[in-house]
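S.K.: Let me give you the structure first, and then I'll get to my questions.
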Amino acid sequence: MAQLKLGIMTLYLNDRKQIEEKAYMRRLLTESSRLGIDAFLFTPEDVDYSRARIQAIRYDHRKRRWHRSWTELPDLVFDRCRYQQSDRFRKLITFRNRYPQLNYLNRPLANKWRIHELFSQNPLIKDHLPDTKLFHRGRGLLQFIAKHQVVFLKPVNGTGGRGIMRIEKIDDDTYLIQGRDSDRRIISEQTLGTRALVRKAIIWVNSRKYLMQQGIDISLHTGRVHDFRMLIQKDREGRWGKTGCAGRIGAARSVTSNLHGGGRAVEMRSLLKQRFEQDSFILDIQKKAERLALDIVEQLEREYGRLCELALDLAIDRDGKIWLIEINPKPGRNIFLQINDLPAYRTAVVRPLEYAKWLHQQLK
């Protein structure tokens, strides 16, 4: 059988053609070589449409250096392009439209609101969803806050904790707000009256599509927020399974736990022990979280087509109830390095490659 040619598609971070996740990409290409896969990186900017060829970015792990060479289109594409508000992201859309015949390991998902609507129809998932509505200026926001006391404003297409505002109702005309701007910078606490809050929210949203989401109590005794990142991937036989799960504790004064925003990773069980004493109760939570995660990825694949991995951000409240907070279709792996779980990290790198080999055989 012919060697699998795998194109790992990413986006440049800037006009200097800096590669995102460079250390991970280097490891990915090294593991590909060990598995007998001809793998290379490319961005939509590296495509010569007139000749249907790509200026591939390759890594020679023996000489430990990067180099470029022209190659034909790959058999499979592993899309690692994360959302950007840039021309680079729009070129990704152009590439996908130009080559619809290519086989992809993963497909784009809809925005957060569409996914919420989808899951709201699934009896296995809907009870794990925070109450969520589209933001339509001030009056609906005030009613939503009156119902839940703590509310998050989130961009429909946001990633990485960017552009999130937390609003807490203190009394009838006093609200406490915190947040992270579009560059993940922490916005210090502010106390506002009703009218000032509405004005602030409208300016914050700035005509973009935003959600209002029920706040879940995820604060620890230190006051810092926490959640759990669970990575679900397909294996060498095309079956879904949990690769690993770790806790995340947010930076001081942060409303999110994202590692890129200053958060830190901790082992899941040790973080659960900060809230729950009984080992049997903790084990039950872990089993339920994994079952929920599998229900979620199976629902998404039925709706959007073939996928290979997803990371779920889960909150667990003081009663042990599991809530789905976010879905990340382009997850990182460094969380496992931070908790020194090297086997989980290597598995997280290798599984998409093993799945790609299996899928390549199925498509022949």
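The values are calculated or read from the model by the stated rules, or taken from the named source; none is laboratory data. Fair warning: this is a prediction, and the values are worked out from it, not measured in the lab. Here the Cβ is made from the backbone with ideal geometry for all residues, glycine too, and neighbour counts use every protein chain on show.
To keep it simple, each residue is scored yes or no on (1) closer than 23 Å to Lys22 by Cα; (2) not basic (Lys, Arg).
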| residue | (1), (2) |
| --- | --- |
| Asp60 | yes, yes |
| Arg64 | yes, no |
| Phe89 | yes, yes |
| Glu117 | no, yes |
| Gln121 | no, yes |
| Asp131 | no, yes |
| Leu134 | no, yes |
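S.K.: Separate question: For the stretch 325-346, which positions are buried (at least 16 other Cβ atoms within 10 Å of the Cβ) and either more than 18 Å from the chain's Cα centre (by Cα) or in a loop (DSSP other than H, G, I, E, B) (or both)?
M.R.: Within the stretch 325-346, Pro329, Lys330, Pro331, Gly332, Arg333, Ile339, Asp341 meet the criteria.
S.K.: Sticking with this structure for a sec: Would it be correct to say that Glu290 is closer than 30 Å to Arg184 by Cα, assigned to a helix (DSSP H, G or I) and of a type in the set (D, E, K, R)?
M.R.: On the way: closer than 30 Å to Arg184 by Cα: yes; assigned to a helix (DSSP H, G or I): yes; of a type in the set (D, E, K, R): yes.
For Glu290, the condition - closer than 30 Å to Arg184 by Cα, assigned to a helix (DSSP H, G or I) and of a type in the set (D, E, K, R) - is met.
S.K.: Residue by residue through the stretch 102-157, note down the ones that are of a type in the set (Gly, Ala, Ser), farther than 16 Å from Glu168 by Cα and either without any contact (Cβ under 8 Å) to a residue 12 or more places away in the chain or in contact with a Lys or Arg (Cβ under 8 Å, 6 or more places away or on another chain) (or both).
M.R.: Once the filter is applied, which keeps residues that are of a type in the set (Gly, Ala, Ser), farther than 16 Å from Glu168 by Cα and either without any contact (Cβ under 8 Å) to a residue 12 or more places away in the chain or in contact with a Lys or Arg (Cβ under 8 Å, 6 or more places away or on another chain) (or both), the stretch 102-157 yields only Ser120.
S.K.: Considering only residues that are touching a residue at least 24 places away in the same chain (Cβ under 8 Å), surrounded by 14 or more Cβ atoms within 10 Å (Cβ to Cβ) and assigned to a strand (DSSP E or B), which ones fall in the stretch 177-191?
M.R.: Residues of the stretch 177-191 touching a residue at least 24 places away in the same chain (Cβ under 8 Å): 178-180, 184, 186, 188-189.
From what is left, the residues that are surrounded by 14 or more Cβ atoms within 10 Å (Cβ to Cβ) are 178-180, 184, 186.
Those that are touching a residue at least 24 places away in the same chain (Cβ under 8 Å), surrounded by 14 or more Cβ atoms within 10 Å (Cβ to Cβ) and assigned to a strand (DSSP E or B): Gln178, Gly179, Arg180, Ile186.
S.K.: Pick from Leu76, Leu35: which is surrounded by 19 or more Cβ atoms within 10 Å (Cβ to Cβ), closer than 23 Å to Tyr355 by Cβ and in contact (Cβ under 8 Å) with a residue 12 or more places away in the chain?
M.R.: Leu76
S.K.: Output the number of the condition that Gln84 fails; it satisfies all remaining conditions of (1) without any contact (Cβ under 8 Å) to a residue 60 or more places away in the chain; (2) farther than 27 Å from Gly238 by Cβ; (3) polar (S, T, N, Q).
M.R.: (1)
S.K.: Go through Tyr99, Tyr83 for me and flag whichever is at pLDDT below 95 and either in contact with a Leu (Cβ under 9 Å, 6 or more places away or on another chain) or of a type in the set (Gly, Ala, Ser) (or both).
M.R.: Tyr99
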